[in-house]
């Protein structure tokens, strides 16, 4: 993590989940479905993350998430990792 970059600790657990799922390319509707939330709630959390991090677009948010390891913390990635380890 870059010293001048905001810490993931600025975000709530749920905001980190939303950011993680966005960072792997999912759309708002898909994120909402996975997290069992309304699409508007996901959009509000995304906007809150933007504000807290000083980021204002999905590409920069995804880059930030990857630099900070959030993309590996998404519920989808964890399920995929668990399924792969079951087959090993």
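Taking the fewest neighbouring Cβ atoms within 10 Å as the starting point, the ordered list for 72, 41 is 72, 41. The modelled label-to-label distance between residue 4 and residue 40, using points 7 Å beyond Cα along the C-beta direction, is 3.9 nm.
Taken together, the values in this text are just the output of simple stated rules run on the coordinates, not laboratory data. This is a predicted model, so every value here is computed, not measured. For neighbour counting, all protein chains shown are included, and Cβ atoms are generated from backbone atoms with ideal geometry for every residue, glycine included.
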